Every structure is written in C-alpha cells, then in structure tokens.
Amino acid sequence: MAEALKAMYNKEFLRRFGEKVRAVYDAFDMEGFVATAMDEPWDGLELKARMRRITATLRAYLSIRYEEALDVLSAMDETCIGFPYLFLPDFVAVYGQEVEHWELSMKALERFTQKSSSEFAIRPFLLSDPERVMCQMRIWSQHPNEHVRRLASEGCRPRLPWGVSLPMFKRDPTLVIPVLERLKADPSLYVRKSVANNLNDIAKDHPAVVLETARRWKGVCPHTDWILRQGCRTLIRKADPEAMELFGYAKTTDVVPLVTSASLSVLPTRLAIGESCELKYELCIREGGPAHVRIEYGIDFVKARGHTSRKLFLLSDKTVPGGTCLTGIRTHNWSNLTTRHHYPGEHRIALLVNGCEVANVGLVLYSF
C-alpha cells in the first residue's frame, strides 16, 4: 500500500505545490525546493520518509520565522486538499513545538485538518503535554467543522494505524473518555467512526473501561448505539461474556445449549496454496424465543515454525426465531496475501456460534 502511495510525491506534484507557495511568497525558490526535495536517495524513500523530506525542504526554503512561515502556508492551504498534503500539519509537528508557539501551532493544526488531517501531527504534542492538549481536544470536540471534531477523537487514539503510539493512553485512557463523551451522539458519521475506533483501541488494553462506558451510554440515541456496537467489535469477536450479554447475544449453557445440532464440511479436503475450498455448514438453534446469533468460522493457520494461530471469519450476525435451522456455503481462498502467508500442513477449521465451537473439520494444504 505505502509503496503505491509514495508515487504521488513526484516532480509534477512538487512543482505544482511550489507554484502555490510562490504565488503568495514571491521569494520562494521553487526550482531549488523541487531539486532539493528529490535529491538522492529520493527513489528509495517510502511514503512517510518522502513526506518528512518535503516538510524539511519546505522549512529550508521558507527561511523566515516560524510564525511567518505559517502565514505563508495558511494563505494557500485552501487549495491543498486531501491526503497528499499531510506535510502541512507535519510542518507544525516538526517546527512548532516550542512553548512560545504552542497556541499558534494549535490554531494551525485546527486549520490544516479541515482540508487534510492533523491526526498524526497532534501526537508529538500529546506526548509532550497530554493534559494541555486534551483540554484543547475537548474544545475541538464542540467545533462546528466535522473534521476538527474528528481530530479531537482520531488524534488521541491509543493505537492509531501509521501514527506514533501513545503509551500513556494505553496505560490509562482517563483523559480520552471525556472527549469521546462529548462526541458520542455526533451527527457526522465521519466523526462517529473515529469515536468507535478509539473505543475499540481502548478495549484492547482496558476492556472493563469500555464495557462500563457502554453500559452508561447504551440507549442514549441510535447514533450512540451504533458507536458502541462498532467500538466493542474486538470484544465481541473474542466472545467476551459481558460484551455478548450487553449486545443481546443468546447464551448457551450445559443445561440449555444454544445449538442443538451442527455440521461443517470442506471440499476439497486437500488443496495447494493459492487454490480455493468450499465450506458448507448447517446448524439448528434451540426451540423457544428469538436468538441473536453470531456465526463464524475459524481457521487454525499453520505458521512457519509449525504452531497454529486462529483467524475468525464472519458468516452471519442476526436474530432468528427459536428452532431455526441455518445453512450456508462460503468459498475460502488460500492465496498468499501481504498480511497472511500460508504454509503447508493440516489446518483445522471450526464453526463457532456466539464464540462456542459447535463443529470442526480438517484440511491439508500443500505447496506445489
């Protein structure tokens, strides 16, 4: 993914950006900026390294005070829209952390995030002074612009992909929850997705905090209930008993099993890496009232050293009448992916209902 994205930073892009800068600051040496930014080893730089190279080169060619440089960038940022311009907030993160620049830098991040995103750039400030920045996040959570409100949540996610980790919030998310509290019924789906992802991050380290929050928020409004369902998705995948109960999944006990019968088959039972198999399942739910069921299949993938690691795949998540028999067919592809490499050996495939295994089958995978 990063390998393909980095190509957007090329000579044409840099020249277009340089022209925008020169239009508001005629002393800007556009040709020098482009040549320096693309100096060796440009071709070997990945996405984030290219972004940082542009940031550093921009600072070198805006050889004026930080405050004046921000004035230049703010004068032309209306046309700098989207992911490619993350180096504008990055400029703030790298050169605006001095105490005397703090308020100016916050205003710049607030401005730049409305056209691009400051979710990565705010994190060095959080690491330096989390309490002060989280006070700013609470202010941003009430901002009229949805991009700024999203920054209030996305910027403090403990485990933001591609972002610098925030170990203090992994240890203690106390400062994060009040911000999410203000956003729990936000009218913007863009913001609600971020709140849900933040809760899901917290749940990986502090499930009890998220479950307590979910119990407080549940039933406030449909927007909030959607956030909670998405924010507890990791807990539900793990079949956490409290999460399963909170979201109404049917229980199973030794006395009253949820599934009265189940079967799982696979064809072929032996195949090569890169081929596909067909999984067929059938199960019957106990008689009685409606039951909310989550049906998954899990594969115990053989790893390079011979041990196995389970990965779950969702088949269905719905409420069905008591006594219902459910059937389904799913094709599973065994091609290698950037995120998963397959190894030969016997793989165990299990059928699970609400986290409980009800049937299993074996499959032998081999390499050509």
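The values are calculated or read from the model by the stated rules, or taken from the named source; none is laboratory data. Not measured: the values here are computed from a predicted model. Reconstructed Cβ throughout: ideal geometry from the backbone, glycine too, with neighbour counts over all protein chains shown.
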What is the number of the single condition among (1) closer than 17 Å to Glu357 by Cβ; (2) outside the structural domain of Asn360 (by TED's automatic domain parsing) that Trp226 does not meet? (1)
Residue among Arg52, Arg16 that is under 30 Å from Val133 (Cα atoms) and basic (Lys, Arg): Arg52
Note down all Cβ pairs under 7 Å where the first residue falls in region 126-150 and is in contact (Cβ under 8 Å) with a residue 24 or more places away in the chain, the second is among the acidic types (Asp, Glu), and they're at least six residues apart or on different chains. Trp140/Glu110; Val148/Glu110; Arg149/Asp186
Filter result (β-branched (Val, Ile, Thr) and either surrounded by 16 or more Cβ atoms within 10 Å (Cβ to Cβ) or free of Cβ contacts under 8 Å to residues at least 24 places away in the same chain (or both)) within region 53-93: Ile54, Thr55, Thr57, Ile64, Val72, Val92
Residue among His332, His307, His292 that is within 24 Å of Asp240 (Cβ to Cβ) and surrounded by fewer than 18 Cβ atoms within 10 Å (Cβ to Cβ): His292
Based on what the data block shows, is Thr234 in contact with a Phe, Trp or Tyr (Cβ under 8 Å, 6 or more places away or on another chain), buried (at least 16 other Cβ atoms within 10 Å of the Cβ), outside the structural domain of Leu326 (by TED's automatic domain parsing) and in contact (Cβ under 8 Å) with a residue 12 or more places away in the chain? no
Those residues of region 199-213 which are of a type outside the set (Gly, Ala, Ser) and touching a residue at least 12 places away in the same chain (Cβ under 8 Å) amount to Leu199, Asn200, Asp201, Ile202, Lys204, Asp205, His206, Pro207, Val209, Val210, Leu211, Thr213
Sole miss for Arg157 among (1) within 17 Å of Val133 (Cα to Cα); (2) surrounded by fewer than 16 Cβ atoms within 10 Å (Cβ to Cβ) is condition (2)
Among strands (runs of 3 or more DSSP E) completely within region 278-368, the ones holding 1 or more residues that are of a type in the set (Ser, Thr, Tyr) are 291-302, 308-320, 325-333, 356-366
Any residue at all in region 260-273 that is over 30 Å from Glu242 (Cα atoms), without any contact (Cβ under 8 Å) to a residue 40 or more places away in the chain and assigned to a strand (DSSP E or B)? yes
Within region 150-257, helices (runs of 4 or more DSSP H) holding 1 or more residues that are in contact with a Gly (Cβ under 8 Å, 6 or more places away or on another chain): 189-205, 207-217, 222-231, 241-246
Quick check: is even one residue across region 164-173 surrounded by fewer than 17 Cβ atoms within 10 Å (Cβ to Cβ) and at pLDDT below 95? yes
